[in-house]
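The values are calculated or read from the model by the stated rules, or taken from the named source; none is laboratory data. If you're wondering where the values come from, they're calculated on a predicted model, not measured in any experiment. Cβ placement follows ideal geometry from the backbone for every residue including glycine, while neighbour counts extend to all protein chains displayed. With ligands, DNA and RNA removed, areas are computed over all heavy atoms of the protein, side chains included. Shrake-Rupley method; radii C 1.70, N 1.55, O 1.52, S 1.80 Å.
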Amino acid sequence: MVHLSAQEKLKKYREDNERKSKEVLELWDSSVKHKIKQLGNDRYLVLEQVLIAACDCNRIDVAKVCLQMLLNKFPESLRVRRLAITILEAEEKYDEALEALDQLIKADETNAQTRRHKVAILKAKCQISEAIKELVEYLKKFMVDQEGWQELSNLYLLEGEYAKSAYCMEEMILHNSQNHLYHQRHADIRYTQGGIDNLELARAHYSYAILLNPNNIRALYGLYLTARSLMSSQKSNQTKKATFKKIATLSLKRVEHIYSEKKQLNKKNQLYVLETLMGSLHLSLN
């Protein structure tokens, strides 16, 4: 009789899009591997699920067992070939994995998942410039992939290319202008770039992020820091300085109000703890 509880748990993990690699392997070792043929049509999904979990937990022996079963059933499947590449990646055989991925890309240039996989391996090898080049080519074909633009933005940050990173965020905002996190991230980058023009852009995007989500603490504190920087700029006249001072004051009051409502801080240490926890909004490249 099939161990239904184990099968149901694995199915639930898949349906909920939960990786839970350790739990998956425990179910495999305790029950599923002995009764895999009794799982019906689900067994191939289970084999794929266990293979990925095994790679996560460095159980390469289990991953290869699952791969062989899948190859026996689907010897020409591109999906199974990608799983074989996942095992190579887990073994840190990156050159072999890249070679295999190039073959898959030649076989199907429209497969977005394969191209993204190649970018991930190049990043794992710390070949950031090559990963950027590959991702740029990918986005020429798949321009609506927001995750791709976000990853490219992050890669440019690793290279210190703030202007190009900001451009990627602008593309994301074009795709979804109502996402407050996109505006906040764009503002973070502009604030880090510095200079009066970038600070003005940061102020605008922090403000819009707050409009979309008045409880965005990072955007509120970012607006406070930006307003203070603009206030101290020699290019700001007295009228503008007064406006920036008002913005800084209102932003900080809003932050204090949010923390006060949540009873996370008392009035004496609100500002001190806030600045200690959040520090500067300059982006870290580490």
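Details
- Annotation note: Cβ proximity below 8 Å between a residue of segment 1-25 that is at pLDDT 90 or above and among the β-branched types (Val, Ile, Thr) and a residue that is open to solvent by less than 80 Å² (accessible area, probe 1.4 Å) and in a helix (DSSP H, G or I) (sequence gap 6+ or interchain) occurs for 24/10; 24/13; 24/49; 24/50; 24/53.
Per-residue answers, yes or no, for (1) of a type outside the set (Phe, Trp, Tyr); (2) open to solvent by less than 60 Å² (accessible area, probe 1.4 Å); (3) in contact with a helix residue (DSSP H, G or I) (Cβ under 6 Å, 6 or more places away or on another chain); (4) more than 30 Å from residue 139 (Cβ to Cβ):
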residue	(1), (2), (3), (4)
8	yes, no, no, yes
27	yes, yes, yes, yes
58	yes, no, no, yes
73	yes, no, no, yes
85	yes, yes, yes, no
104	yes, yes, yes, no
107	yes, no, no, no
111	yes, yes, no, no
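- Filtered residue count, segment 113-127, keeping only those that are in a helix (DSSP H, G or I), open to solvent by less than 70 Å² (accessible area, probe 1.4 Å) and either touching a Ser or Thr at 6+ places or on another chain (Cβ under 9 Å) or not β-branched (Val, Ile, Thr) (or both): 6
- Considering 46, 62, 50, 80, the condition of being over 26 Å from residue 5 (Cα atoms), open to solvent by less than 30 Å² (accessible area, probe 1.4 Å) and part of a helix (DSSP H, G or I) is satisfied by 80 alone.
- Just one of the listed residues (94, 162) is touching a residue at least 12 places away in the same chain (Cβ under 8 Å), among the aromatic types (Phe, Trp, Tyr) and under 30 Å from residue 213 (Cβ atoms), namely 162.
- The set of residues from segment 174-200 being crowded, with 18+ Cβ neighbours inside 10 Å, under 19 Å from the mean Cα position of the chain (by Cα) and not basic (Lys, Arg) comprises 180, 182, 183, 184, 186, 187, 188, 189.
- Conditions (1) farther than 30 Å from residue 261 by Cα; (2) surrounded by fewer than 20 Cβ atoms within 10 Å (Cβ to Cβ); (3) under 16 Å from the mean Cα position of the chain (by Cα); number of the one not met by residue 151: (2)
- Test for residue 130: is it free of Cβ contacts under 8 Å to residues at least 12 places away in the same chain and either surrounded by 14 or more Cβ atoms within 10 Å (Cβ to Cβ) or of a type in the set (Lys, Arg) (or both): yes
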